[in-house]
Amino acid sequence: MSETENLCDVIIFGGHGDLAFRKLMPALYHLTNDGYLNGQSRIITVARDNMTLEEHRGLVKKKLQEFVRPDYFDEEKFARFAAQMEVVTVDFRDTSTYEGLKALLDLHPDRDRVNYLSTSPDFFGTICKDLFEWNLITPQSRVVLEKPIGRDLQSSRAINEEVLKYFQESQIYRIDHYLGKDTVQNIMALRFSNRFFMPLWDANNIDHVQITVAESVGVEGRWGYYDDYGAMRDMIQNHLLQLLCLIAMEPPCSLDADSVRDEKVKVLRSLRPMTPADIEQKTVRAQYVQGSINGQPVPGYKEGVGVEESTTETFAALRVDIDNWRWNGVPFYIRSGKRMRQRNSEIVIQFKSIPHSIFANKGRCISSNKLVITLQPKESIKLKLMNKIPGLSEQMRLQQVDLELNAPMETSRKPEAYERLLLDVIRANPTLFMRLDEVEAAWKWADLILEGWAENIVPMKSYSAGSDGPSAAIALIERDGRSWHDES
Ligand code: NAP
């Protein structure tokens, strides 16, 4: 690394919050120790509580010991990381409290600045305004916005308009941490570097696509946030639609940020808007009730936090249609839920069956090819192909086998999504971040469904904690003569 490469000040607003400790600090610790973040860079925590630098270092150490795998944590590495830390006290509700931050940043006025807003979106506009008024926004400044950016198109616009008063669009990095996962980036590698997939990737050859993001955890202390959002706003509108875009988009003319994002936004604009009749037939929303996971009893969503009323969905399933040439007639079934039987995130590309079978049983033993891209719990890519069962049986017998496409790792440690994304912001590469028009197109489509749900066009279903979701979600896909992929 040259003397100035990846040299920047990373400023974490909300730096003593959950996300900062669980994801951002561990990611920066690894980036420092793996030599990706220049050793002269500073990691400036902006927090409300008044702590000395030594107290702050002690707290970060304790949190890293909790959130970094024990074999990756050692005192020497921590000392190197701790040397880069700074802490300042700011109250976002009090504009006059930015003095300490200004004094620190003014020590290196020309240095690249990554302002990471790990706070409630209610503060995004205020913080940007204060940075501007304290003269802390330079041409080398970038700002990272955590999700959720609003809870509908209107509120998302309001937040973005506020931030855009102080930062240019090119300086704004809207994070969707799913895009930082190696396997998610591999979707582009797989699609656009293998001729093999090129002629197969369309309505002539693909029967349908499934995207599932299932979590076995509940809201884990984030009820206050979650109950205002639910599965549609928290997962579908962002993570699942982003995955759908990567599967459905046309090849970009290059890997530069705008070429990739131009293609993604075209997909979002091609999503068929749902009419009230579509909402009734093609969407399912549900909330979990008590059940059990791994033999342990789990309370229902409302009982878990002791409330009597909540109309927030913890599960959503939809049939999505894309109105363009490539995907005409190919449904995308997407679903996401909390407190499901198992943690599992996967994309399944289901190819059409062969046109005619020459094998025994009229080919009933032939399963159609599938490409299964698993993101969680273990990242993997499998192509399911038919193969002969070795042996001398009179009639040729077939079985489905997995061709595993797992590339050997460059390093022994698989980087976390936040490492990739933070490094991209440090390098000023916005390819994996959402542009304003993408966010707006996604909200425009999702808002119609949310409005229909608010009008109770489709009733709220329930499902037991630890199950695969409500039976209505199974019926949603079975009505079309298909079923959810399940390998467990
Ligand atoms: P959090 O734990 O509540 O952290 C927010 C931080 O902001 C807290 O440390 C809080 O300080 C600070 N803060 C609140 N009011 C302040 C004020 N007036 N002045 C200065 N600081 C103030 O929330 P989080 O879970 O880290 O989430 C941060 C953002 O990331 C949110 O937008 C969230 O939706 C998003 N996000 C979080 C996760 C996750 O896993 N946590 C995942 C995806 C996205 P105190 O500690 O003093 O209260």
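The values are calculated or read from the model by the stated rules, or taken from the named source; none is laboratory data. Nothing here was measured: the structure is a model prediction, and the numbers come from that model. Glycine gets a Cβ as well: all are built from the backbone with ideal geometry, and neighbour counts include every protein chain shown. All accessible areas refer to the heavy atoms of the entire protein, side chains included, with ligands and DNA or RNA removed. Shrake-Rupley method; radii C 1.70, N 1.55, O 1.52, S 1.80 Å.
Observations, loosely collected:
- The magnitude of the dipole of the chain, with charges of +1 and -1 set on the Cβ of Lys/Arg and Asp/Glu and taken from the Cα centre, is near 1660 debye.
- Taking the C-alpha atoms only, the angle from helix 436-454 to the longest principal axis of the chain is near 60 degrees.
- Once the Cβ-Cβ distance of Arg326 and Glu99 is raised to the sixth power relative to R0 = 51 Å, the FRET efficiency obtained is 0.40.
- Accessible surface calculations at 1.4 Å, restricted to protein heavy atoms, place the range 126-248 at 37 Å² per residue.
- Zone residues, the range 80-116, relative to Asn50, backbone N less than 19 Å from point 7 Å out along Cα-to-Cβ: 87-104
- On full extension, the segment bounded by Lys62 and Glu250 gains 63.1 nm, given 0.36 nm per residue less the C-alpha separation.
- Amide hydrogen proximity for Ser345: with H placed 1.01 Å from N in the peptide plane, the residues at 5 or more positions away or on another chain lying under 5 Å are Ala214, Leu375, Gln376.
- Whole-Hz Karplus values for the range 303-312 come out as 4, x, 10, x, 10, 8, 10, 6, 10, 7 Hz, taken residue by residue from phi with 6.51 cos²θ - 1.76 cosθ + 1.60 and θ = phi - 60°; glycine and proline positions read x.
- Bridge type composition, the chain - antiparallel percent by DSSP, nearest 5: 55
- C-alpha long axis of helix 124-133 to longest principal axis of the chain, angle in °: 30
- Cα gyration tensor shape of the range 249-389, rounded if a/c is under 1.5, else prolate or oblate by comparing a/b with b/c: oblate
- Segment Phe359..Glu76, full-extension length gain: 95.5 nm, with 0.36 nm per residue of separation and the alpha-carbon distance subtracted.
- Förster-model FRET efficiency, 35 Å R0, Lys165 and Ala83, C-beta, rounded to 0.05: 0.45
- With a Förster radius of 51 Å applied to the C-beta separation of Lys129 and Ala189, the computed FRET efficiency comes to 0.80.
- Approximate spin-label separation Asp34-Ala407, in nm, with each point projected 7 Å along Cα-to-Cβ: 1.4
- With kT/(6 pi eta Rh) evaluated at 37 °C and eta = 0.692 mPa s, and Rh the Kirkwood radius from Cα pairs, the chain diffuses with a coefficient of 135 µm²/s according to Stokes-Einstein.
- Computed magnitude of the charge dipole of the range 1-156 (debye, nearest 20; Cβ of K, R +1, Cβ of D, E -1): 340
- Against the chain, whose longest principal axis comes from its Cα atoms, helix 182-193 is set at around 60 degrees.
- Comparing Leu24, Ile211, Leu37 along the charge dipole axis of the chain, the residue lying farthest to the positive side is Ile211, per the Cβ-charge model.
- The chain, accessible surface, carbon-and-sulfur percent (1.4 angstrom probe): 49
- Chain lengthening between Met198 and Arg222 when straightened (0.36 nm per residue, less Cα-Cα): 4.4 nm
- Label sites at Lys414 and Glu487, each approximated as a point 7 angstrom past Cα along Cα to Cβ, lie 1.3 nm apart.
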